[in-house]
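Readers should treat all values here as calculations from the given coordinates under stated rules, not as data from a laboratory. Note that this is a predicted model, so its numbers are computed, not measured. Neighbour counts run over all protein chains shown; Cβ positions are idealised from the backbone, glycine included.
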2 protein chains.
Amino acid sequence: MRVSRAQAEENRQTVIDVASRLFREHGFDGIGLKDLMEAAGLTQGAFYKQFASKDDLAAQASERAFESGIRRWSAAAEANPKDPLGAVSALFLSMGHREETGDGCPVVALGADAARQGPDVKASFEAGIRKYLEMLGPWLGESDGEASTDKAMAILSTMVGATILSRAVNNKRLSKRFLQAAAKSVKELSADAAQKGQL
Amino acid sequence: MRVSRAQAEENRQTVIDVASRLFREHGFDGIGLKDLMEAAGLTQGAFYKQFASKDDLAAQASERAFESGIRRWSAAAEANPKDPLGAVSALFLSMGHREETGDGCPVVALGADAARQGPDVKASFEAGIRKYLEMLGPWLGESDGEASTDKAMAILSTMVGATILSRAVNNKRLSKRFLQAAAKSVKELSADAAQKGQL
DNA sequence: ATTATCTATAGATCTATAGATAATGC
DNA sequence: ATTATCTATAGATCTATAGATAATGC
């Protein structure tokens, strides 16, 4: 039954990957260790050789979810270097992202859950959120670093909030409108920032 | 053991009130019927004479939470009739609201959870969210109704997202900055709207 | 000899139901 | 007679641990 050290490490990584998806789909309290481990192709008994607790896995899975998010932002930005913010905003505020609960932004799926978790999960969120802000800042063309961070925070808040609102309602038209209104607002905020930066 | 019909109805209302608070504090999956009923001064056995299921209570408790939210918005707006949006924005984006998880905005506390619930909970959310938008619209002074709704959606998104981000991180400074950045952005968005309305 | 995973289980908790009890409402 | 609430419990599930097993790594 024992596997090689390399295989064990690979299994551990698989558990984190699977958890990062299933936690986002069902919430931290919406899925148990048995289902998580089985989705990773293992049994529940193997869990505690790999992780200290469910909370420990939650923190690591959150970190992994942010890594995936950052990678997607980078890819979108690189594919559209003339307007990276427009590309990320279009991706974030798409109906595709609204429906893709398992591989979408961790703040949207688990931000409110994270607020109720221990300091480890919150630390993962804080680190991931800071990375998002660091990416957004340079795209805003403000000369002043502080004003740029303020704009980045407002833009991230708008995108996160709109996607949550979009997911929380039944009506598809309303759902779509939240995303469109947010995209319009993000555009105006960034145009405003670029204008100020040129003064 | 039986109580009067009036008392039974009062008990039912108490359960909904208690649930609207405890669901917001712990999430729909973070608290059980036993604890909810005991917090309302009853035993678990009485639950199913009052509600069809936990999901049924979740939908009614969500509705109740929005009623409370609307009442607070109205009170803030009436206390500051010259700048109702400024008053609501200041209240929403305060550290008090950030910490007041049990009596705060239901979208912030349970929006992501609601996305994973059945159509009844989502219907409660949709109705509550539409009420919020109806309140915000007239404060924006746009001549065009559609543009006004867009702005209202963007402002609500910004406030909801910022509060979630503010709650999800450990660092208090960062927490506060999200709220401040969002307040600044809401102010600019509404000033922008007022300007356009006067053209 | 060590250890990654397995099966099995402890002990708590979850939603939901059943039947008893005691007060209301006709 | 009806019924709101109670106690008790079914049956499932939860996190976490214990001990067995079988392969790795020294």
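Looking at the calculated P(r) for region A:33-73, what percent of the C-alpha pair distances fall above 17 Å?
On the way: 311 of 820 pairs.
Here the long-distance tail beyond 17 Å is 38 percent of all Cα pairs in region A:33-73.
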query: Using θ = phi - 60° and the Karplus curve 6.51 cos²θ - 1.76 cosθ + 1.60, what whole-Hz ³J(HN,Hα) does each residue of region A:10-25 get, with Gly and Pro shown as x?
result: 5, 4, 4, 4, 4, 4, 5, 4, 4, 5, 4, 7, 6, 4, 5, 6
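Counting other Cβ atoms within 10 Å, keep those with at most 12, restrict to DSSP loop, and tell me which trypsin sites (Lys or Arg not before Pro) in region B:40-126 are left. Can you show the working numbers first?
Working: sites: B:K49, B:K54, B:R64, B:R71, B:R72, B:K82, B:R98, B:R116, B:K122; in loops: B:K82, B:R116.
Answer in residue order: B:K82.
Determine the shape class of region B:119-173: with a ≥ b ≥ c the square roots of the Cα gyration tensor eigenvalues, call it rounded for a/c under 1.5, and otherwise prolate if a/b is greater than b/c, oblate otherwise.
Cα axes put region B:119-173 in the oblate bin.
Using the Cα gyration tensor of region A:107-199, with a ≥ b ≥ c the square roots of its eigenvalues, what is the shape: rounded (a/c below 1.5), prolate (a/b larger than b/c) or oblate (neither)?
oblate
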message: Quick check: pseudo-label points 7 Å beyond the Cα along Cα→Cβ at A:E100 and B:K49, how many nm apart are they?
response: 5.1 nm
- prompt: Mean separation of Cα pairs under 8 Å and 6+ residues apart, divided by the residue count of chain A: what relative contact order is that in percent?
  reply: 21 percent
message: Could you check the spin-label model distance between B:D17 and A:A8? Points 7 Å from the Cα along Cα→Cβ, value in nm.
response: 5.6 nm
7 Å along Cα→Cβ, label-point gaps from B:S53 to other copies, nm, shortest first: 3.2
message: Over the protein assembly as shown, what portion of Cα pair distances is larger than 27 Å, expressed as a whole percent?
response: 51 percent
- request: Sort shortest first the distances from A:D144 to its counterpart in every other copy, using label points 7 Å along the Cα-to-beta-carbon line, and give them in nm.
  value: 3.0
statement: Note: region A:55-176, point scatterers on Cα, Debye, no solvent; log10 I/I(0) at q = 0.15, 0.18 Å⁻¹ equals -0.71, -1.00
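Once you sort the root eigenvalues of the Cα gyration tensor of region B:93-147 as a ≥ b ≥ c, which label holds: rounded (a/c under 1.5), prolate (a/b larger than b/c) or oblate (the other case)? Provide the component values of the computation, followed by the final result.
Values: a/c = 3.23, a/b = 1.30, b/c = 2.48.
Oblate is the answer for region B:93-147, as a/c is 1.5 or above yet b/c matches or exceeds a/b.
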- line: Projecting the Cα atoms of B:G118, B:S157, B:S175 onto the charge dipole of region B:104-199, where Lys and Arg contribute +1 and Asp and Glu -1 at Cβ, the residue farthest towards the positive end is B:S175
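Using R₀ = 41 Å, calculate the FRET efficiency as 1/(1 + (r/R₀)^6) where r is the Cβ-Cβ separation of B:E67 and A:A191; round to 0.05. Display every interim value, and only then the final one.
On the way: r = 38 Å, r/R0 = 0.93.
With R0 = 41 Å, the Cβ-Cβ based efficiency is 0.60.
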Cα pair distances in region B:1-115, grouped into 10 Å bins until the bin that holds the longest one, percent each: 14, 40, 27, 15, 4, 0
